[in-house]
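Notes follow the structure.
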Amino acid sequence: MTEVVHTPRVFSGIQPSGGLTLGNYLGAIKRFVGMQNQGIETIYCMVDLHAITVWQDPEKLRHATRELCAGYIAAGLDAEKSILFNQSQVAAHAELGWIFSCVARMGWLNRMTQFKDKAGKNREKVSVGLYSYPTLMAADILLYHATHVPVGEDQKQHVELTRDIAAKFNHDYKVDFFPITEPVIEGEATRVMSLRDGSKKMSKSDPSDKSRINMTDDADTIAGKIRKAKTDADALPSEVEGLKGRPEAKNLISIYASLSDTTMANVLSDVGGKQFSEFKPMLADLAVSKLSPIADEMARLMQEPDEIDAILRKGADKARAIADPILAQTKDILGMVR
């Protein structure tokens, strides 16, 4: 079997299933922007097929998809440098998803911890899609022969499944067709936690709006949420080791580090010994300076839905130009008559 050298290509996506949070920005979009400028082809998707694994109000889904695209652009993604599109406009995602559901094994999906977390005790009542969506996620990635996927820590298991599917397909058909994709998990805030509970991930589904910073929040709201964020009574340590057992402190320091493009160690060398009453205003000022311009640009873009739709349509055309030949080759390998 001749080894194929795959051209470096980045793919990642976010579900348009509600408002964007600081967690989406620091854990994903900010890194998307960084990778866009590294001379590698970058493809960023609004994965609306994944969003419907739980019921979505159609108008809200349309709004959320456009808002996510606006968030991508406002944060610095350039539709001329990166391919931006929503997943449902490229039918090959669903086709390859079915093929991969025939490659993946039940045991692999049964190990997926995210399904267990999301389904909870109601696993018999959730959609089949919620259970099997990791095979669609594998298709999203491998449809573009993506070599690198920037993801949060909580999605690493799904990228490992993608690697397993690629390896099994290649082995079963004696080809070296799909790349063994590498997850890219880097930066100081790859998993942003709740402002009310440092042991829980920041989530748009949390009942308390004070638990998260929304990317549409205005300056006063951002500052107010940071001032009220849960902390402990101790002063900040001077070294990262001192954050052990202090989840809220670690979360706020990691947010500060990521927003200022530095490390937690560098932040603590500057703020070690300070009380939270001194540190929180520093964090609030930084967050407002970085996030308010994004919120303003998102609001402007959302007044121009036709402009957003045109970007998505053009991006989908570019995506299909890559995806369709790869799907066609996949069908040839499988022995399907075209």
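From least to most packed, judged by other beta carbons within 10 angstrom and beginning with the fewest, 68, 291, 22 follow the order 291, 22, 68. Projecting the Cα atoms of 15, 208, 237 onto the charge dipole of the chain, computed from C-beta unit charges around the Cα centre, puts 208 farthest toward the positive end. Among (i) 21.1, 77; (ii) 20.8, 69; (iii) 35.3, 111, find the value of Rg and Dmax of the Cα atoms in Å that was calculated from the structure presented, and write down its label. Here the calculated entry is (ii).
So which GluC sites (Glu not before Pro) in the range 186-246 end up in coil per DSSP with only 11 or fewer other C-beta atoms within 10 Å?
186, 239
Of the beta bridges DSSP finds with both residues in the chain, what % are antiparallel, to the nearest 5? Write out the running numbers ahead of the final one.
Numbers: 2 of 17 bridges.
Rounded to the nearest five, the antiparallel share is 10 percent.
Looking at the square roots a ≥ b ≥ c of the eigenvalues of the Cα gyration tensor of the range 1-149, which shape do they give, rounded for a/c under 1.5, prolate if a/b is larger than b/c, or oblate?
Details: a/c = 1.86, a/b = 1.14, b/c = 1.63.
Taking the square roots of the gyration eigenvalues as a ≥ b ≥ c, the range 1-149 is oblate.
Secondary-structure-derived ellipticity at 222 nm for the chain, considering helices only, amounts to -16000 deg cm²/dmol, per-run term -39500 (n - 2.57) for DSSP H runs with n ≥ 4.
Taking the number of Cβ atoms within 10 Å of each Cβ as an exposure proxy, the fewest-first ranking of 174, 331 is 174, 331. Among the GluC sites (Glu not before Pro) in the range 8-98, those located in a DSSP loop and surrounded by at most 12 other Cβ atoms within 10 Å of their own Cβ are 80.
Distance from the Cα centre of the range 29-66 to that of the range 71-101, in angstrom? Using only Cα atoms, the two centres lie 7 Å from each other.
List 334, 136 from most exposed to least, where exposure is judged by having the fewest other Cβ atoms within 10 Å. Display every interim value, and only then the final one.
Details: 334 13, 136 22.
With the sparsest Cβ surroundings first, the list reads 334, 136.
When the Cα gyration tensor is reduced to axis lengths a ≥ b ≥ c, the ratio a/c is 1.5 or higher for the range 209-299, and with a/b above b/c it is classed as prolate.
State which entries of 60/210; 228/280; 204/230; 228/274; 156/230; 30/230 exceed 20 angstrom in Cα-Cα distance in the structure shown. Don't jump to the answer; show the numbers that get you there.
On the way: 60/210 22 Å; 228/280 9 Å; 204/230 18 Å; 228/274 17 Å; 156/230 28 Å; 30/230 25 Å.
Over 20 Å Cα-Cα: 60/210; 156/230; 30/230.
No value in this document is a laboratory result; all are computed from the given coordinates. All of these numbers come straight from a predicted model, not from anything done at the bench. Backbone-built Cβ (ideal geometry, glycine too); neighbour counts: all protein chains shown.
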